[in-house]
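The values are calculated or read from the model by the stated rules, or taken from the named source; none is laboratory data. No experiment lies behind these values; they were computed from the predicted model shown. Here the Cβ positions follow ideal geometry from the backbone for every residue, glycine too, while neighbour counts run over all protein chains shown.
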């Protein structure tokens with residue numbers, strides 16, 4: 001009964017404000033009680049485990065969980081193209097089927113053919129016994145043996161190795177299932193041999209991945225970035241996904257702090273540190289006080305790169321009282337300054353990501369994801385019908401503004417940009433009376449510049465879905481394989497997931513590409529080359545300097 005109460009029915013303004021205040025307190029206290037109940041249960045479970053007992057079992061409810069995704073709203077603006085699949089099917093052979101003449105009437109007239117395309121697959125072994133010529137030179141005391149064809153080494157041929165890589169990383173099949181499939185097809189292979197085939201001797205592909213990252217960063221001044229958890233030999237690490245519409249690259253690191261983000265943007269290499277005017281500005285933004293900011297230029301060489309060990313030696317010697325957190329911020333400022341002022345590696349000018357703090361100040365400009373921003377509002381669970389109505393009305397206005405920004409991307413206009421800025425300020429600056437909603441709106445308003453970056457750069461997207469979809473592939477890999485056991489194994493995960501995702505974006509057949517590289521034929525152009533060619537055709541970032 002109380003949940004359905006509408007304070008608008010109260011005529012007395014003072015009384016109405018009191019009731020609105022009390023309703024907001026109920027919302028705040030209800031959320032706090034739920035939060036404390038969950039925390040209390042976690043503490044009780046942990047206490048029981050410490051005593052050798054079991055905690056409360058996790059039994060999922062029959063009702064669906066709260067959906068924080070905004071895919072439904074985003075897809076409303078996504079165009080749908082219905083295309084025939086048969087037009088893409090290559091014909092391997094043609095068979096003419098005839099009608100039995102005995103069943104034809106005398107006046108039957110031939111009218112041509114009716115085509116029916118049937119897809120089929122033939123899986124069979126191709127075991128080869130190579131008889132290698134062998135010569136011995138008595139004078140040289142040396143044996144001469146015929147070499148195996150390119151791509152052949154060990155007990156398994158290039159096609160087996162290519163299919164294994166395609167099934168594991170492209171098809172997301174587990175190693176036991178791949179092994180079962182190969183044994184069903186007639187191959188004799190052990191689990192250890194399969195594991196080595198997936199991880200060992202992949203230097204050629206690791207080099208391809210490095211080239212993809214550099215070409216992808218060069219293809220556009222703006223990039224997407226996101227992270228997801230991953231396990232390496234029982235330890236929690238983080239898989240970082242860097243991408244745009246032409247490529248997707250994976251880089252797994254122990255942490256997801258700002259220094260790790262810099263490593264990702266530099267292809268996984270360790271950052272260097274540079275003291276210059278930009279570093280002084282960044283230290284102020286990162287919260288380093290003037291006391292330390294003013295003393296560092298006298299201790300460090302100006303505009304010269306230092307390794308982390310060299311920087312640590314200077315800080316240990318001259319600034320021993322610099323606290324751990326301040327020391328971290330100083331290093332971040334110097335590393336970002338070195339990254340943004342260097343010219344040897346492609347530099348990202350704008351990063352499109354979520355609102356995690358580690359992304360701040362990495363690049364000159366930052367754009368935030370609208371889809372991710374709306375998740376904060378989906379977490380609100382109002383108890384009163386009046387608050388539910390306010391939240392629903394706000395959601396309609398939020399997605400209307402989102403779609404208006406999408407329309408602006410297609411046809412940028414200076415007057416429309418001003419109108420969208422005004423609409424943004426009105427939507428997020430106007431108070432509704434629902435305190436939890438108004439607090440969310442206030443936080444969104446503080447991100448105004450990053451959320452409206454599309455008005456300055458209409459070539460960028462309004463969401464970070466490319467990176468989040470890439471992260472989802474790592475989650476699927478984690479579900480199938482649980483974890484990588486060695487650094488070599490997680491490097492293989494990063495490399496081949498990069499190849500799989502990039503090949504898909506470029507329309508390259510993964511199996512053919514991997515087989516070509518295993519054979520050493522290089523008949524197919526590298527993915528890095530294709531990224532460069534596609535970037536020129538699409539002219540990514542062509543309106544970067546123009547603005548609206």
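Below, the figures for the structure above:
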| item | result |
| --- | --- |
| Residues that are in contact with a strand residue (DSSP E or B) (Cβ under 6 Å, 6 or more places away or on another chain) and under 11 Å from residue 353 (Cβ atoms), drawn from segment 449-465 | 450, 464 |
| The one condition in (1) over 19 Å from residue 264 (Cβ atoms); (2) at pLDDT 95 or above that residue 321 fails to fulfil | (2) |
| In segment 107-154, the residues that are part of a loop (DSSP other than H, G, I, E, B) and touching a strand residue (DSSP E or B) at 6+ places or on another chain (Cβ under 8 Å) | 132, 133, 146 |
| Evaluation of residue 134 against (1) surrounded by 10 or more Cβ atoms within 10 Å (Cβ to Cβ); (2) more than 30 Å from residue 185 (Cα to Cα) (one fails), failing number | (1) |
| Qualifying residue in segment 66-88 (condition: at pLDDT 80 or above and either in the same structural domain as residue 390 (by TED's automatic domain parsing) or within 38 Å of the chain's Cα centre (by Cα) (or both)) | no |
| Single condition residue 48 does not satisfy, out of (1) modelled with pLDDT of 70 or more; (2) within 36 Å of the chain's Cα centre (by Cα) | (2) |
| Residues within segment 417-440 that are on the phi < 0 side of the Ramachandran plot and touching a residue at least 24 places away in the same chain (Cβ under 8 Å), tallied | 11 |
| Exclusive hit being touching a helix residue (DSSP H, G or I) at 6+ places or on another chain (Cβ under 8 Å), without any contact (Cβ under 8 Å) to a residue 40 or more places away in the chain and surrounded by 15 or more Cβ atoms within 10 Å (Cβ to Cβ), set 510, 524, 515, 462 | 524 |
| Check on residue 212, crowded, with 19+ Cβ neighbours inside 10 Å and in contact (Cβ under 8 Å) with a residue 40 or more places away in the chain | yes |
| Every residue from segment 101-117 that is more than 30 Å from residue 87 (Cα to Cα) and exposed (fewer than 10 other Cβ atoms within 10 Å of the Cβ) | 101, 102, 103, 105, 106, 107 |
| Top-ranked residue in segment 270-303 [being in contact (Cβ under 8 Å) with a residue 24 or more places away in the chain, touching a helix residue (DSSP H, G or I) at 6+ places or on another chain (Cβ under 7 Å) and farther than 19 Å from residue 314 by Cα; ranked as surrounded by the most Cβ atoms within 10 Å (Cβ to Cβ)] | 282 |
| Test for residue 471: is it over 29 Å from the mean Cα position of the chain (by Cα), part of a helix (DSSP H, G or I), in contact (Cβ under 8 Å) with a residue 12 or more places away in the chain and under 19 Å from residue 368 (Cα atoms) | no |
| Considering residues of segment 364-379 that are buried (at least 16 other Cβ atoms within 10 Å of the Cβ) and more than 18 Å from the chain's Cα centre (by Cα) only, the residue farthest from residue 259 (Cα to Cα) | 377 |
| Filter result (outside any helix (DSSP H, G or I), under 30 Å from residue 232 (Cα atoms) and touching a strand residue (DSSP E or B) at 6+ places or on another chain (Cβ under 7 Å)) within segment 254-284 | 254, 255, 256, 268, 272, 273 |
| Qualifying residue in segment 222-234 (condition: crowded, with 18+ Cβ neighbours inside 10 Å and without any contact (Cβ under 8 Å) to a residue 24 or more places away in the chain) | no |
| Number of the exception - residue 245 against (1) farther than 30 Å from residue 534 by Cα; (2) surrounded by fewer than 19 Cβ atoms within 10 Å (Cβ to Cβ); (3) touching a residue at least 40 places away in the same chain (Cβ under 8 Å) | (1) |
| Segment 479-505, residues that are out of contact with any strand residue (DSSP E or B) (no Cβ under 7 Å at 6 or more places or on another chain) and either closer than 15 Å to residue 168 by Cα or buried (at least 17 other Cβ atoms within 10 Å of the Cβ) (or both) | 479, 480, 481, 489, 491, 492, 495, 496, 499, 500, 503 |
| Residue 336 being assigned by TED's automatic domain parsing to the domain that holds residue 264, within 30 Å of residue 463 (Cβ to Cβ) and over 18 Å from the mean Cα position of the chain (by Cα) | yes |
| Search result, residues across segment 451-467 that are over 18 Å from residue 220 (Cβ atoms) and assigned to a helix (DSSP H, G or I) | 451, 455 |
| Residue count, segment 497-511 (criterion: within 24 Å of residue 89 (Cβ to Cβ) and part of a helix (DSSP H, G or I)) | 7 |
| Candidate set: segment 9-21, residues that are out of contact with any helix residue (DSSP H, G or I) (no Cβ under 6 Å at 6 or more places or on another chain) and either surrounded by 11 or more Cβ atoms within 10 Å (Cβ to Cβ) or modelled with pLDDT of 80 or more (or both); chosen: the one farthest from residue 438 (Cα to Cα) | 15 |
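Table: residues versus (1) more than 24 Å from residue 32 (Cβ to Cβ); (2) crowded, with 19+ Cβ neighbours inside 10 Å.
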site	(1), (2)
387	no, yes
398	yes, yes
403	yes, no
413	yes, no
